[in-house]
1. In this structure, is Phe240 more than 16 Å from the ligand (Cβ to nearest atom), touching a residue at least 24 places away in the same chain (Cβ under 8 Å) and within 29 Å of Gly85 (Cα to Cα)?
2. Which number in (1) touching a Leu at 6+ places or on another chain (Cβ under 9 Å); (2) farther than 25 Å from Ala108 by Cβ marks the one condition that Asp235 misses?
3. What's the number of the condition Ala290 fails, among (1) more than 22 Å from Met196 (Cα to Cα); (2) assigned to a strand (DSSP E or B)?
4. How many residues are closer than 15 Å to Ile220 by Cα and assigned to a helix (DSSP H, G or I) if we restrict to region 178-209?
5. Wholly within region 19-94, which strands (runs of 3 or more DSSP E) include no fewer than the required count, namely at least 2 residues that are buried (at least 20 other Cβ atoms within 10 Å of the Cβ) and more than 16 Å from the ligand (Cβ to nearest atom)?
6. Condition check: within 16 Å of the ligand (Cβ to nearest atom) and either crowded, with 19+ Cβ neighbours inside 10 Å or assigned to a helix (DSSP H, G or I) (or both). Does Ala214 satisfy that?
Amino acid sequence: MNQSGVTGGRTAEVSSVWNPVVDVHAHFFPRISRGEGASLGSNGPWLRDDGDGTGQMMVGGREYRPVDASLWDPDARVAGMDKHGVDVQVVSAAPLLFGYDADPAVAAPWARLVNHRAIEMCASYPDRLRPLCQVPLQDVDRACAEVDWAMSEGHVGVHIGNHVGSRNLDDPEMVRFLSHCADGGIPVFVHPWETMAGDRMSTHMLSWLVGMPAESHLAILSLVLTGAFERLPADLRICFAHGGGSFVAQLGRADNAWHRRDLVRADCPKPPSTYVERFYVDSAVFSDEALRLLVAVMGDDRILLGSDAPFLLGEERPGV
Ligand code: CO
């Protein structure tokens, strides 16, 4: 362990760009019993640990996704980080745990449970694992209270979904939460979840491959075109997962529409491309060509390393 408390093994390619190598997009799913998960209803999420280094993310009685111990065991997680040259992971709960559909009176203690488990997991490696909290975003007063508590307990930011039901991030209550985060200097990481048009994307992981990039695209563009970024404090630090989804590739389309149609620019005083200086994206785009486009559009100072580890759709060697 070196002076900064970080063990080595990082790849030369990544460490030449990011030093230390901090992965801001990595998930955990804490040990949650079926009884604890049931507080969110009969389809509440919980973790089945099969005792052999593997397990299942469960939704009620149904197997949701096979997983391995790096999702909940800090020793296994850090071993994987060493293998792939990651110094620090900023970990966030699997979006399945958001609990946004629940009654706020249930969702608030649920968020507290997940946030406690995150602190416990990261405590084993305080220099390597740093937690992002989750909040009951369907109730912004409770969400503000939870993020304040979590930050006081050692969380380093907040992880939110890109929408709550039919409300995008430009919804006045969502803007109030984001403003609260800006005022408190609290970084925000936005993850797509509960993807659109599920009835047309029910096979072949289309919800992940099409729905998720579209959700991130919608989240960013809704903040831009509604003028929400004009109302939000300029010092808000907000990062979108998966390179911002399809936003970057389609930004020219939005700019063209802004110039040609008054209804596109009605609430947005500047071309959409000027707002890239208001947010960050992660690097989890999975191809050299996409990463080059991301750098060209966002600028390399707006891109944070993200892997989506340890999920199978994550990058095994982040940023490479
Ligand atoms: Co993710």
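A short reminder: the numbers here are calculations on the coordinates, not readings from a lab. As the structure is a computational prediction, the values presented were derived from the model and not from experiment. So basically every Cβ, Gly included, is an ideal-geometry build from the backbone, and we count neighbours across all protein chains shown.
1. no
2. With (1) touching a Leu at 6+ places or on another chain (Cβ under 9 Å); (2) farther than 25 Å from Ala108 by Cβ applied to Asp235, the lone miss is (1).
3. The failed condition is (2).
4. The qualifying residues number 1.
5. Correct list: 45-49, 54-59.
6. yes
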